[in-house]
Amino acid sequence: MTEPAIAVRDLTRRFGGFTAVDSISFDVAPGEVFGFLGANGAGKTTAIRMLIGLLAPTSGEARVAGFDVVKQTEQIRHQIGYMSQRFSLYEDLTVLENIALYGGIYGLGAEQIAERSSAMLQSLGLADDLVGRLPLGRKQKLAFSVALLHEPAVVFLDEPTGGVDPITRRQFWELIYAAAEGGTTVFVTTHYMDEAEYCDRISIMVDGRIVTLGTPQELKSKWDVPTIDALFVKLARPA
Amino acid sequence: MSNAAVAVRGVGKRFGETEALTDVSFEARHGELFGLVGPDGAGKTTLFRVLTTFLLPDAGSATVLGLDVVRDLWAIRARVGYMPGRFSLYGDLTVAENLSFFASVFGTTIEEGYDLIAPIYRQIESFSGRRADALSGGMKQKLALSCALVHRPDILFLDEPTTGVDAVSRSEFWDQLHTLRESGLTIVVSTPYMDEAMRCDRVALMQGGRILEIDPPGEIGSRYPLPLVAVTGADRYRLLLSLRKAPHAHAVYPFGSELHYTDNRAGLDPGEVASELRDYARGQGFGDVEITAIAAGIEDSFMELMPAPVQRAS
Ligand SMILES: Nc1ncnc2c1ncn2[C@@H]1O[C@H](COP(=O)(O)OP(=O)(O)OP(=O)(O)O)[C@@H](O)[C@H]1O
Ligand SMILES: [Mg+2]
């Protein structure tokens, strides 16, 4: 059996007396597109911040790409890509400057950076403009490509399509599919419920806990609902 | 003199080389819930900034509640609730402090505006002592919305107010917009969510600084120019790529658990398209596909109107 790309056991995070992430456990297989759903404040971003080694868990453990998120943060950084909920590129740098900057952070050499930047500009159809001038959808596609620059095993996308128009977010999902076809594990949050249907498996978080997890098809039949949207309404805000 | 709540005539705005708005004209009636949809860069935010007097138009004229956006700027600002796409909260103030601050700027209090903001504010009220920068993304958005509403404006301009807001809260938020509209408030709102566009009285589709059409949202799909079918089957991504190569494919997009396939032969019976496509899919090794003719919705129309070179089958 291959090792999971993400393995989480009883992961918990408290802020003072408030429990933001409450003992969550799950595995994500390599190459899987995993949708991490939940209402506002459910704890998604907090969980992601622990999985990428930015925030220490209060208790529990997690391994990403085989490395411990607490003890091996350095190795994790080289194995993962991350797009934050807030836009993650530098708006006052150009496209190429951003790529060079992140390439350096991810430990790529000058030659690799040059090679991958020109390929990236071409595939995204971008010129070397200031990033701040790009429309949101293009920025998000660029941020995604930059997050994949060092060919990480796992990529974490926190609401990558928030505020993005219907065409552009579909194009974004094609980038996700293409990355997953290439073997990258994709861990993604979204508030667009049609996008939940595009994931191999999804989980729904409520008040820090994962209340259900499975393929979209499994969950729809298990909870007897026609769409994931209906499931979300049923579970996300317990009456 | 027009008695429309918002009247825009031939407005143009240019930033250097970019024409952000070109000859934009429309009217929103008093008490209307008027939607703006269009891709990023369509000009929606520029239009909001003109209507809220933060930007001067280069051409044309506009009135809000009968007041001119150039001459009557202060009068407009006092009566308008505006939530810009990028709203700044004070991260080091608590939730309650942020809200009181906005209320006091307009000479009011949280208590006076409470019934207006309650449906949204109640969802974050138990965290009222928490600093705004410790809120989740969607919680910040809810606080920002409460701030835009707390002074009981006569007209609301909301630039993508529900970005980052979860699906349940979005639908509650729209219930609230409907309640506000019933009380006579005029609302102009932009959104990237087509389910939200469906809840507007009328929708203007914008692209490249122009308004392409204005219609009740239910009618926008009815003018879809080409035959459309919905396809379901296993291995959806490969199925999508394969359908794009079908001889008469115009566009193929994922739609939740389905794919929507548009044929490039106008006037052809969709039933015929479905049966042809079934044979094609079978020939490509997709034996189990289900294909049914469907009526286009607003999201199909939106995508048809917008240029998407990457998506077109060659
Ligand atoms: N540093 C902090 N101090 C106190 N509370 C915090 C802190 N960071 C997060 N929280 C709280 O933890 C909860 C979970 O927040 P989180 O950002 O993980 O939610 P989310 O699921 O990502 O929501 P959204 O969909 O709105 O982005 C929220 O109540 C938030 O206010
Ligand atoms: Mg979040």
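Under the criterion of Cα pairs below 8 Å and six or more residues apart, the relative contact order for chain A equals 26 percent. For the listed peptides A:219-226, A:187-194, a ranking on the average number of other beta carbons within 10 Å per residue, highest first, reads A:187-194, A:219-226. Applying the Karplus relation 6.51 cos²θ - 1.76 cosθ + 1.60 with θ = phi - 60° to segment B:180-192 yields 3J(HN,Hα) values of 4, 4, 4, 7, x, 6, 8, 10, 10, 9, 9, 7, x Hz, where x marks Gly and Pro. Listed values for segment B:216-233 are Karplus-derived 3J(HN,Hα) couplings in whole Hz (6.51 cos²θ - 1.76 cosθ + 1.60, θ = phi - 60°), namely x, x, x, 8, 5, x, 5, 9, 4, x, 10, x, 10, 10, 9, 10, 10, x, and x replaces Gly and Pro. Under conditions of 25 °C and 0.890 mPa s, chain B yields 114 µm² s⁻¹ as its translational diffusion coefficient, taking Rh as the Kirkwood radius over Cα pairs in the Stokes-Einstein equation.
Summarising the amide proton neighbourhood of residue B:43: residues at separation of 5 or more, or on other chains, whose placed amide H is nearer than 5 Å comprise B:209. The alpha-carbon positions of segment A:96-239 define a convex hull whose volume is 131 Å³ per residue.
Residue A:209 sits with roughly 120 Å² accessible to a 1.4 Å probe, with DNA, RNA and ligands left out of the calculation. Report the far tail of the P(r) of segment A:85-134, meaning the percent of Cα-Cα pairs longer than 12 Å. Taking all Cα-Cα pairs of segment A:85-134, the fraction more than 12 Å apart is 62 percent. Applying 1/(1 + (r/R0)^6) with r as the Cβ-Cβ distance of residue A:29 and residue B:90 and R0 = 30 angstrom yields a FRET efficiency of 0.10.
Principal axis extents of the C-alpha atoms in segment B:225-294 (largest first, rounded to whole Å): 30, 24, 18. Going by accessible surface with a 1.4 Å probe and the largest first, A:113, B:214 read B:214, A:113. To the nearest ten degrees, helix B:110-125 and the longest principal axis of the Cα atoms of chain B are 40 degrees apart. Taking every alpha-carbon pair in the protein assembly as shown and binning the separations at 10 Å intervals from zero gives 3, 17, 26, 28, 19, 7, 1, 0 percent. Taking amide H atoms as placed 1.01 Å from N in the peptide plane, the amide H of residue A:212 lies under 5 Å from those of A:204, each 5 or more residues away in sequence or on another chain.
In a reduced charge model with +1 at each Lys and Arg Cβ and -1 at each Asp and Glu Cβ, segment B:225-294 shows a dipole moment near 280 debye about its Cα centre.
Each of B:49, B:170 has its accessible area taken with a 1.4 Å probe; listed largest first, they run B:49, B:170.
Over segment B:99-152, the reciprocal of the mean inverse Cα-Cα separation, the Kirkwood hydrodynamic radius, stands at 11.0 Å. Full extension of the chain between residue B:210 and residue B:97 gives 36.7 nm of extra length, using 0.36 nm per residue less the Cα-Cα distance. A dipole drawn for the protein assembly as shown from +1 and -1 charges on Cβ atoms has a positive end, and of A:16, A:84, A:217 the residue lying farthest that way is A:16.
Each residue of segment B:45-54 was assigned a 3J(HN,Hα) from its phi angle through the Karplus curve 6.51 cos²θ - 1.76 cosθ + 1.60 (θ = phi - 60°); the sequence is 5, 4, 4, 4, 5, 5, 5, 9, 6, 8 Hz, with glycine and proline shown as x. Roughly speaking, what % of Cα-Cα pairs in segment A:1-151 are separated by over 24 Å, rounded to a whole number? Tail fraction, whole percent: 41. A Gaussian network model of chain B, with springs between Cα atoms under 10 Å, assigns the largest mean-square fluctuation among B:176, B:123, B:141 to B:123.
Our summary gives chain B a relative contact order of 19 percent, counting only alpha carbon pairs under 8 angstrom and 6 or more residues apart. For residue B:178 and residue B:133, a Förster radius of 22 Å and the Cβ-Cβ distance give a FRET efficiency of 0.10, rounded to the nearest 0.05. Label-to-label distance for residue A:225 and residue B:245 is 3.7 nm, based on points extended 7 Å past Cα in the beta-carbon direction. The length gained on full extension between residue A:217 and residue A:115, counted as 0.36 nm times the residue separation minus their Cα-Cα distance, comes to 32.6 nm. With the Cα gyration tensor of segment B:79-130 giving a ≥ b ≥ c as the square roots of its eigenvalues, does the rule (a/c under 1.5 for rounded; else a/b larger than b/c for prolate; else oblate) give rounded, prolate or oblate? It comes out rounded by the Cα gyration axes. The mean number of Cβ atoms from other chains found within 10 Å of a Cβ in peptide A:38-48 is 5, as a whole number.
Computed over segment B:1-153, the Cα gyration tensor eigenvalues convert (square root of 5λ each) into semi-axes of 31, 18, 13 Å, ordered from largest to smallest. Distances between placed amide hydrogens fall under 5 Å for residue A:32 paired with A:186, all partners being 5 or more residues away or on another chain.
The values are calculated or read from the model by the stated rules, or taken from the named source; none is laboratory data. Source: prediction; values computed, not measured. Note: ideal-geometry Cβ built from the backbone for every residue, glycine included; neighbour counts use all protein chains shown. Accessible surface is based on the protein model in full, side chains and every heavy atom, while ligands, DNA and RNA are left aside. Shrake-Rupley method; radii C 1.70, N 1.55, O 1.52, S 1.80 Å.
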